[in-house]
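Encoded as structure tokens, the structure appears first; notes follow it.
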Amino acid sequence: MERGGDVTYHGPGQLVGYPIFPVGREVRRFLRQIEEAIVRVAAGYGISAYPTPGYAGVWVGEDKLCAIGVAVKEGVSFHGFALNVNTDLNDFTVIVPCGLKGKGVTSLEKLLGRKVPMEEAKARVVAAFAEVFGLRPVEGSPHEAQV
């Protein structure tokens, strides 16, 4: 099963994660768990973000904060998410992100009105994934988690 969407953009200022999990046939559940983790990250910054039925990803209003594309091969996930932390949103003017015409793109920086330290965003994403997926952070590394 390949990921959905159309054009994918990865660039400076994005936090891109490709979580590798044994998901079997529970792809939709896995996708919703990724969305929930990112919603929790946004909430930690005081941002009300949410998933939208029919569109993978995490949204604030009509703007996508985090793109998610899940793919599964032999029951194991690959591909993942791209959270716009301090992304130059002008980069999205030359593509139709995820093939969604008429939708915008936003970032933590734009929503908060300040730069967000990438290390801080990484640590918050790892913590949120640990909560949602029932993992524990690896001792000594703020950027990894394991079962």
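The stretch between TYR18 and ASN90, if pulled fully straight at 0.36 nm per residue, gains 23.5 nm over its current Cα-Cα span.
Here the Karplus relation 6.51 cos²θ - 1.76 cosθ + 1.60, evaluated at θ = phi - 60°, turns the backbone of region 107-123 into coupling constants of 9, 4, 4, 5, 5, 8, x, 7, 5, 10, x, 4, 4, 5, 4, 4, 4 Hz, with x for every Gly and Pro. Taking the average, over residues, of other Cβ atoms within 10 Å as the packing measure, peptides 38-46, 66-74 rank 66-74, 38-46 from highest down.
Electrostatic tally near PRO22: other residues with Cβ closer than 13 Å to its Cβ, Lys and Arg +1, Asp and Glu -1, net +1. Enumerate lysine pairs in region 14-116 that are 8 or more residues apart or on different chains, then count those whose Cα atoms are under 28 Å apart. Here the count comes out as 8.
Once C-alpha pairs closer than 8 Å and six or more residues apart are averaged by separation and normalised to the residue number of region 14-116, the relative contact order reads 30 percent.
Where a number appears in this text, it was derived from the coordinates with a stated rule and is not lab data. Note that the structure is predicted; figures quoted are calculated from it, not measured. Counting neighbours? That spans all protein chains shown, and the Cβs are built from the backbone with ideal geometry, glycine included.
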